[in-house]
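Structure first, then comments.
The values are calculated or read from the model by the stated rules, or taken from the named source; none is laboratory data. Here the structure is a predicted model, which means the values were calculated and not measured. Virtual Cβ from ideal backbone geometry, glycine too; neighbours counted across all protein chains shown. Areas reflect the complete protein model, heavy atoms only, side chains present, ligands, DNA and RNA absent. Shrake-Rupley method; radii C 1.70, N 1.55, O 1.52, S 1.80 Å.
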Amino acid sequence: AGKTMQALAALAVVLHRGASALIVCPAGCRAMWAHEIERWLPRLTPRDITIVRSSLDAPAPPPAKPPRVVVISFQMLERLRELDVDGPFTFDAVVVDEAHAMGVSVGRPEVEAEAPRTKRILALVKRARALALLLSGTPTFSKPLSLFPLVDALARGGEDDGLNWLPARRVAERRLQFCRHFCGARRYYGGRRGAAAAHGTALP
């Protein structure tokens, strides 16, 4: 797929500099990612790629040498604390394939309503020091606001990072900026923290 090739091109740059990468994808795509990495990034050997199919495949924590590339499914990432947000590994690059499958809820947009899986993965995305990619070729049929946590994780939401997509400091203010820019929101409903009303069409 085109998005896979684009992600591999970006990964080639950071891996050439000695970086480590975490690829999170559906379970059925793990072997495909390993195959494509071996095919298009010949400097990496099979020993450099760790496919996590069970807890037995989890890489050894420091001081052991960390793997160059770890490929893991959404479900397995939830089970392994070693690769969790509070685990011993910090990946320079994080790629999430089929990112729309993370399950973001927008039932109450004024509350942080992301699924636990989403919060965990997006925390790793925010910690990526060299590269963060969220891949999806599937259009969203939900409310556009359901994509806010994904965009916010990439934008970092802070002026210190030099990104101005969502420059506000507070999450509620960044959510409102997102609604105004992408969802055509024109009104602001008060409340304990306030929530944006998302009117209009889907993302362009």
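Structure above, values below:
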item: With DNA, RNA and ligands ignored, accessible area of residue 146 (1.4 Å probe; Å², nearest 10); result: 10
item: Label point distance in nm, residue 38-residue 180, each placed 7 Å from Cα along Cα→Cβ; result: 5.2
item: Nearest-10 value in Å² for the accessible area of residue 126, using the 1.4 Å probe; result: 100
item: Residue 31-residue 48 pseudo-label distance in nm [points 7 Å out on the Cα-to-Cβ vector]; result: 2.3
item: Segment residue 127-residue 55, length gained on full extension (0.36 nm per residue, minus Cα span); result: 23.6 nm
item: Mean Cβ count within 10 Å, highest first, over the residues of peptides 92-100, 35-43; result: 92-100, 35-43
item: By average C-beta atoms within 10 angstrom, highest first, the peptides 51-57, 177-183, 7-13; result: 177-183, 7-13, 51-57
item: Extension gain from residue 172 to residue 3, taking 0.36 nm per residue of separation minus the Cα-Cα distance; result: 57.8 nm
item: FRET efficiency for residue 65 and residue 16, using Cβ-Cβ distance with R0 set to 25 Å, rounded to 0.05; result: 0.90
item: Residues with amide H under 5 Å from that of residue 132, placed H, sequence gap 5 or more; result: 94
